[in-house]
Amino acid sequence: MAILSSRLIRHEICKDEIKNLGGRVIDIQGTMFLVKFEISDHKITYAYHLNEDNTYLLERVKPYFLSIGYYNDEEDIVDVIRVDVDQFRNAMNSSNFDQFIEIDNHLSKLVRLFEDLYLYYNIDKEDLSKLDGSVDVILDNIKEIMKHSERVYTKKDPDVLCEEIQF
């Protein structure tokens with residue numbers, strides 16, 4: 001008879017909670033897990049894995065990549081995924097949802113392009129200042145749009161976005 005550790009039992013309970021939310025959990029060798037949802041023809045996928053220090057790294061893989069954070073236990077991961085899926089369900093009510101996803105994918109690609117730029121080329125300070133100014137313009141646009149837009153998700157406050165945000 002197999003003896004399960006309390007951590008494995010807790011993880012099985014968390015996987016059941018994710019299934020109750022409508023997700024499917026895929027176990028990859030017991031240390032990495034994919035969580036997949038399909039909501040209104042949109043796919044949302046998360047990946048989390050156990051680190052050497054017994055914490056978990058949670059990332060959203062689809063509809064766009066985002067490193068969400070580090071968590072001490074599986075229950076925290078379930079809570080974060082629950083809220084994130086709820087936010088996506090709410091956002092999918094917008095007629096602009098597909099355009100939002102497209103812009104986010106462009107921004108993710110932009111980060112990768114910038115990384116290739118500085119890893120493969122010697123960039124002078126003037127060009128870096130030009131790029132930094134462009135990023136500041138995007139941040140100013142985001143803050144201005146936030147100020148004049150109606151808030152539609154109020155169950156929790158944004159993790160990063162606020163009027164005082166600066167780079």
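Any read-out appearing in this document is the output of simple, stated calculations on the displayed coordinates, not a laboratory observation. Predicted model only: the values in this text are computed from it and were never measured. Cβ: placed from backbone, ideal geometry, glycine included. Neighbour counts: every protein chain shown.
Tabulated results
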item	result
Mean-position separation - Cα centroids, segment 18-95 and segment 117-167, in angstrom	25
Alpha-carbon spread of segment 97-148, three principal axes, descending order, Å	39, 21, 9
Full-extension gain in nm, Asp159 to Glu52, via 0.36 nm per residue minus C-alpha separation	35.9 nm
Charge dipole (debye, nearest 20) of the chain; +1 at Cβ of Lys and Arg, -1 at Cβ of Asp and Glu	600
With Cα atoms, 0 to 90° folded angle of helix 6-20 axis to the chain main axis	70
Least to most buried among Thr55, Thr154 (fewest other Cβ within 10 Å first)	Thr154, Thr55
Estimated 222 nm signal from helices in the chain, with DSSP H stretches of n ≥ 4 weighted -39500 (n - 2.57), rounded to 500	-16500 deg cm²/dmol
Folded to 0 to 90 degrees: helix 125-148 orientation relative to the chain principal axis, Cα	70
Two-decimal log10 I(q)/I(0) for segment 1-53, as the Debye equation yields it once each C-alpha is a single scatterer, q = 0.18, 0.21, 0.25, 0.30 Å⁻¹	-0.65, -0.83, -1.05, -1.24
Signed unit charges on C-beta, dipole axis of segment 1-113, positive-most listed residue Ile26, Ile77, Leu8	Ile26
Of Lys125/Lys156; Lys36/Lys143; Lys36/Lys156; Lys130/Lys155; Lys43/Lys125, pairs whose Cα-Cα distance is over 30 Å	Lys125/Lys156; Lys36/Lys143; Lys130/Lys155; Lys43/Lys125
Overall dimensions of segment 61-120 by Cα: Rg and Dmax, Å	14.8, 42
For Val160, Val135, order by how many other beta-carbon atoms lie within 10 Å, fewest first	Val160, Val135
Ranked Glu74, Glu52, criterion: other C-beta atoms within 10 Å, fewest first	Glu52, Glu74
Hull volume in cubic angstrom per residue (convex hull over the Cα atoms of the chain)	165
Rounded to 10°, Cα long-axis angle of helix 74-91 versus longest principal axis of the chain	50
Cα-based Rg / Dmax (Å) for segment 6-91	12.1, 37
Theoretical gain in end-to-end length, Arg10 to Phe100 [0.36 nm per residue, Cα-Cα removed]	28.8 nm
